[in-house]
1. Once Rh is set to the Kirkwood radius over Cα pairs, what Stokes-Einstein translational diffusion coefficient, in µm²/s, holds for the range 295-369 at a temperature of 20 °C and a viscosity of 1.002 mPa s?
2. Between THR210 and TRP264, what is the label-point separation in nm under the 7 Å Cα-to-beta-carbon projection?
3. Take each of the peptides 156-169, 365-378, average the number of other beta-carbon atoms within 10 Å over its residues, and list them starting from the highest.
4. Convert 20 °C to kelvin, take the viscosity as 1.002 mPa s, use the Kirkwood radius over C-alpha pairs of the range 257-398 as Rh, and evaluate the Stokes-Einstein diffusion coefficient in µm²/s, rounded to a whole number.
5. Per residue of the chain, what 222 nm ellipticity follows from adding -39500 (n - 2.57) for every DSSP H run with n ≥ 4, rounded to the nearest 500?
6. Can you pull out the chymotrypsin sites (Phe, Trp or Tyr not before Pro) in the range 219-314 whose DSSP state is coil and whose Cβ has at most 14 other Cβ atoms within 10 Å?
7. Which residues does the label zone of SER183 cover in the range 32-61, counting backbone N under 13 Å from a point 7 Å along Cα→Cβ?
8. Spin-label point model (7 Å from Cα, Cβ direction): what's the ALA235 to ARG21 distance in nm?
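Laboratory data are not the source of any read-out in this text; all were calculated from the coordinates shown. Source: prediction; values computed, not measured. Every residue, glycine among them, receives a Cβ derived from its backbone with ideal geometry; neighbour counts consider all protein chains shown.
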Amino acid sequence: MKAVEIKQGVFWVGAVDWAVRDFHGYETPRGTTYNNFLIMDEEITLIDTVKYDFADLTIKNIAGIVDPARIKNIIINHIENDHASSLDRIMALAPQATIYISDKGRKGIERFFDLSNWNVKSVKTGDTLCIGARTLEFLETPMLHWPDSMVTYSRHDRILFTQDAFGQHVASASRFDDEFEKSDSAAELEDAVVDYYANILMPFGQMIKTKIAEIQAKGFDIDIIAPDHGLIWRANPGKVLSMYMDMANGKANESVAIIYDTMWQSTEKMAVPIAEGIRAEGLDCRVVKLRATPMSVAIKEFWKSRGALIGSPTLNNILYPSVAEFLTHLRGLRPKNRIVGAFGSYGWGGGAVRDAYEEFKKMGLQAVEPGFQIPYRPSRADEEGAFEFGRNFARQVIEYHKGF
Ligand SMILES: Cc1cc2nc3c(=O)[nH]c(=O)nc-3n(C[C@H](O)[C@H](O)[C@H](O)COP(=O)(O)O)c2cc1C
């Protein structure tokens with residue numbers, strides 16, 4: 001897609017990746033974009049680059065506006081491969097440019113590129129760069145979501161360039177939130193924000209709150225939030241800020257996600273009366289079979305609900321592998337403010353439900369015990385037991401939810 005002026009003199013010069021479906025293991029059913037931005041001021045300034053195989057596209061977009069050799073400054077807000085890996089291609093065209101990057105970012109890109117012939121300047125929170133009419137200000141945001149991460153603010157344009165924060169994996173012909181809400185829907189955009197937050201930012205809620213407070217304390221007036229993926233927030237940047245604050249503060253639906261897998265359908269047959277029991281208490285219930293669902297979608301469904309029930313058969317004394325994988329993935333995301341339980345079918349000694357509770361303990365999640373397990377196929381009586389298990393779990397979710 002061609003460059004788009006997002007505010008006078010500030011251009012989106014990124015690339016749309018329509019085809020990517022597996023983004024470092026994260027399912028991207030709509031693809032994604034790699035956003036980077038060119039500021040046409042006395043000193044022409046590029047903010048971020050794009051994934052290496054899209055370098056030609058961003059160079060073409062830049063060249064449609066100005067000779068890339070005239071780029072004076074390159075700001076790297078985040079060194080992850082999808083934003084910094086075409087830096088060498090840009091530097092080949094603008095070898096005199098100076099790169100502005102956080103100290104940790106500098107140490108990181110040394111692992112990717114030979115910096116000996118490049119001008120590289122480390123910047124920290126509060127540092128500014130005057131590029132003509134504009135003075136850009138840097139704010140480090142370590143662990144949002146890498147140690148090197150920072151954001152750049154242009155007071156002149158009232159634009160906050162936020163690298164991965166507030167982004168979404170959405171490939172679209174639309175560049176802005178309002179355009180996308182028209183061409184697609186507000187609900188789809190919100191879902192993409194939740195999906196991104198759940199899979200990338202879930203561990204960093206506390207830091208998100210601190211950094212949003214810092215942005216407010218600095219008095220950054222914001223007309224536009226320009227992230228490095230997906231739609232640019234120009235109609236309603238406050239919306240994504242408040243969505244982030246809500247999620248960081250533990251907001252979730254008063255509902256339950258049943259996330260399970262099965263070899264011979266016994267655990268699945270348990271899931272149905274459990275879901276009915278949850279419904280009988282008036283809670284919505286989402287049922288997710290792991291091998292039929294991409295991991296990132298299962299994580300998102302977990303995150304959306306206040307409660308989650310994990311179902312697993314026992315295989316060789318332990319959790320079924322897809323369930324173990326899900327729980328390992330979830331543990332890395334350090335979930336909070338969720339209540340959980342486990343169920344499953346076994347043949348002889350069992351072990352899966354026990355292991356699920358071990359995982360819950362490692363994550364520090366509140367768990368409803370005991371779990372519900374039955375040998376082989378559920379009988380009629382077991383189905384009634386499963387229904388009651390679901391009902392009881394829903395009651396506990398309702399109680400727990402009152403704390404939010
Ligand atoms: C290869 C294999 C290994 C199993 N290992 C165990 C085991 O170690 N302990 C146990 O209690 N059950 C074991 N089972 C039995 C299953 O847990 C049992 O068949 C259960 O009902 C399967 O639930 P599902 O229908 O939801 O897959 C094993 C089953 C298979 C196929």
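1. On the way: Rh = 12.3 Å.
Here the translational diffusion coefficient equals 174 µm²/s.
2. 5.2
3. 156-169, 365-378
4. In µm²/s, the coefficient rounds to 148.
5. Taken over the chain, the calculation gives -10500 deg cm²/dmol.
6. Values: sites: PHE220, TRP233, TYR244, TYR260, TRP264, PHE302, TRP303; in loops: PHE220, TRP264.
Those satisfying the criteria are TRP264.
7. Answer for this model: 32-33.
8. 3.0
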